[in-house]
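Quick notes on the structure that follows.
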Amino acid sequence: MGAEENVELVRRGDEAFNAGDMETLRELFAEDAVWHASGSGVLSGVKRGRKEILAYFAELGGRSQGTLKVIVNEIIGGESHTVQLQHNHAEANGRTLDTDGVITFRIRDGKVIEGREYFEDTGQGDAFWA
């Protein structure tokens, strides 16, 4: 796959994530994919395998009471790496998450094999997800 196809794959993932469409997300991730969740909070750390990654995404939805939205600013595609600039917003339990971030994706054979989150304010994220 080339850069354009990788951008489209990430865009499909964003749409599925925001819609809570776990079936589409399952199709986009390799079985042995790895996700690096930023910060030092309860949800931070490495998620190994598609099952753990999807469970993590579901936990984000649950803890945000379904309000988490990823607003994509730009997706920059490459042959094996694709970068997404984004803004995250959620409100739950009297707390607000409002932060910019970047996710780097490694893609192989049309599937995400690795994702790494980087956020402007990981402390805000750690507090929100607690």
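For the reader, a short list of remarks on this structure follows.
- Within region 99-116, the presence of a residue that is hydrophobic (A, V, I, L, M, F, W, C), over 28 Å from M1 (Cα atoms) and either modelled with pLDDT of 95 or more or over 13 Å from the mean Cα position of the chain (by Cα) (or both) is excluded.
- Among the residues making up region 75-130, those that are within 27 Å of Q65 (Cβ to Cβ) and of a type in the set (D, E) are E91, D98, D100, E117, E120, D121, D126.
- Selected residue (only one of V7, V83 is part of a helix (DSSP H, G or I) and in contact with a Ser or Thr (Cβ under 7 Å, 6 or more places away or on another chain)): V7
- Number of residues in region 20-51 that are more than 18 Å from L9 (Cα to Cα) and in a loop (DSSP other than H, G, I, E, B): the value is 8.
- Evaluation of L54 against the conditions (1) in a strand (DSSP E or B); (2) in contact with a helix residue (DSSP H, G or I) (Cβ under 6 Å, 6 or more places away or on another chain); (3) free of Cβ contacts under 8 Å to residues at least 60 places away in the same chain shows that the sole unmet condition is (1).
- Considering region 25-57, the residues that are of a type in the set (S, T, N, Q) and surrounded by 15 or more Cβ atoms within 10 Å (Cβ to Cβ) include one that is farthest from the chain's Cα centre (by Cα), namely S44.
The values are calculated or read from the model by the stated rules, or taken from the named source; none is laboratory data. Keep in mind the model is a prediction, meaning the values are calculated, not measured. With ideal geometry, Cβ positions are generated from the backbone for all residues, glycine too; neighbour counts draw on all protein chains shown.
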